[in-house]
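Novice: This is the structure, below, for whatever I ask next.
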Amino acid sequence: MEKFTTFKGIVCAVDRANIDTDALIPKEHLKSIKRTGFGPALFSDWRYNDDGSDNPAFALNQPKAAGASILVGRNNFGCGSSREHAVWAVAQQGFRVVIAPIEGDLPGFADIFRNNCAKNGVLTIQLDSAEVDQIFEMAAQDKPLEATVNLEDQKVTFSDVEFSFEVDPAVKDKLLQGLDDIAESLLSEADITRFEINHDAQMVNA
């Protein structure tokens, strides 16, 4: 998994709340047994017309969002099922960061989606509702909106405004080091091997 330090990218702002996993990747795209090739399926029901052509009204197809790598939505992003394919689609489309607001008792993200993002190298950032409103206002302009995300300092910066965000220390450490669950386990490979040798010896002598 690629290390995440300071990251600069273009924003794609999808102004909808409760974007569920079926919207992120509809069920007809879940037939593949591979973990690759899901990027074009992201938002496919909204992104494409019935004839398969791009829907120019959808945020991801607008010229100012070309090459976007920072996705911004409304609260409860990633709700619905636990399908990890939704995160694969987000990541394989090129998004490294997803931003959503905390609004009252409503979280920015569904827990399972947020955990799956961390395991796949995607940083989820929860900001205050007013701060996300401000991002949408900036994104509404006719030119690309660029932001810099500094995970070490926990800040996301636009041209003239900066927001701070909280992140779980364990998630932050794994993203900074570029460690998925398997890579993290391999850090203890020597201890695991030692345990297996001792365990096998105990079984033989039992």
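The values are calculated or read from the model by the stated rules, or taken from the named source; none is laboratory data. None of the values given here were measured: they were computed from a predicted structure. Positions of Cβ are generated from backbone atoms using ideal geometry, with glycine treated the same way; all protein chains shown enter the neighbour counts.
Novice: Is it the case that Glu137 is in a helix (DSSP H, G or I), at pLDDT 95 or above and crowded, with 17+ Cβ neighbours inside 10 Å?
Specialist: no
Novice: Quick one: would you say Ile112 is modelled with pLDDT of 95 or more, crowded, with 17+ Cβ neighbours inside 10 Å, out of contact with any Cys (no Cβ under 8 Å at 6 or more places or on another chain) and over 13 Å from Leu24 (Cβ atoms)?
Specialist: Here the answer is no, as Ile112 does not meet what is asked.
Novice: Look at Ile33 and say whether it is hydrophobic (A, V, I, L, M, F, W, C) and not in a loop (DSSP other than H, G, I, E, B).
Specialist: So Ile33 does not fit the description; no.
Novice: Just a yes or no: is a residue in region 14-22 in contact with a Ser or Thr (Cβ under 9 Å, 6 or more places away or on another chain) and buried (at least 20 other Cβ atoms within 10 Å of the Cβ)?
Specialist: yes
Novice: What number of residues within region 1-20 are closer than 21 Å to Glu137 by Cβ and outside any loop (DSSP other than H, G, I, E, B)?
Specialist: 6
Novice: What are the residues in region 110-122 that are closer than 22 Å to Thr5 by Cα, of a type outside the set (Lys, Arg) and either without any contact (Cβ under 8 Å) to a residue 60 or more places away in the chain or touching a helix residue (DSSP H, G or I) at 6+ places or on another chain (Cβ under 6 Å) (or both), if any?
Specialist: Of everything in region 110-122, those that are closer than 22 Å to Thr5 by Cα, of a type outside the set (Lys, Arg) and either without any contact (Cβ under 8 Å) to a residue 60 or more places away in the chain or touching a helix residue (DSSP H, G or I) at 6+ places or on another chain (Cβ under 6 Å) (or both) turn out to be Asn115, Asn116, Cys117, Ala118, Asn120, Val122.
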